[in-house]
Amino acid sequence: MECSPYLVMALSSTLIALGMLILWRYGHTPTRYGKHAEAWEKQPGQGRRRLHLPAKCAWFLQELPAFLVPALLLALRSPPRFAPLGCRLLGSMFCGHYFHRTFIYSLLTRGRPFPLRTLLSGMLFCVYNGFLQGYYMVYCAEYPDDWCNDIRFTSGILLFLFGMGINIHSDFLLRQLRKPGELTYKIPQGGLFVYVSGANFFGEILEWVGYAIATWCLPAFAFALFTVCFVGPRAYHHHR
């Protein structure tokens, strides 16, 4: 497989446009899953119209393509598979995040049952974004030999790790609010929740902004912008 700059530009532009559309669509109305689904499902007949999966199963299925697709692109690449820096960044940062989300977070979560429609949308997005990030980093990315000494690389790595730490710690605090089988929403305390209502969302935004800075490429910046457009309104509605 060869690099196609036109394909990268088209997929990245579509991702940016999708982020703008989501920001416009859900800027005033929250997405209907998690705590925001409760009020909507109390309306007559709404709860019966949507199929749901248990949270653990749903999160596993949704996040798996984002790990599997770039991992397969790496595996199918002609050796040496991890010699280019782009491949190492993809494997350690992008795949590392989604390995945690797929195989660790999904097993630990105590969230509400997940709407099947939302799950399928999430899976399609993870396939799309997993391919875009993986395709670019494996077949297109080129970095100078001293890129690891560049301030963009080091600051991006540090920001990514800082955001991932916030995200994991905030998820831990959220899990402690519920006993196994309990679905009642409670206001989180401690950690960055003292200063930010959606500390877990804030951490995820920092992660992908750091990834974009470290990789310094259009697909990563498009994903970071999409994350802000998707997660930002959800954090705003949580705060309200």
Residue 158 and residue 7 label points (each 7 Å along its Cα→Cβ direction) are spaced in nm at 3.7
Going by amide H atoms built from the backbone, whose H comes under 5 Å of the H on residue 52, apart from near neighbours?
116
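Sorted by accessible area (1.4 Å probe), largest first, how do 139, 98, 6 line up? Can you show the working numbers first?
Working: 139 55, 98 10, 6 195 Å².
Descending accessible area places them as 6, 139, 98.
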Could you state how much accessible area residue 209 has, in square angstrom rounded to the nearest 10, with a 1.4 Å probe and all protein chains kept in place?
50
The stretch 61-95 residues near the modelled residue 148 label - backbone nitrogen below 11 Å, point 7 Å along Cα→Cβ
85
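The values are calculated or read from the model by the stated rules, or taken from the named source; none is laboratory data. A quick note: this is a predicted structure, and the numbers were derived from the prediction, not measured. No Cβ is skipped: glycine too gets one built from the backbone with ideal geometry, and neighbour counts run over all protein chains shown. SASA here: full protein model, heavy atoms, side chains in, ligands and nucleic acids out. Shrake-Rupley method; radii C 1.70, N 1.55, O 1.52, S 1.80 Å.
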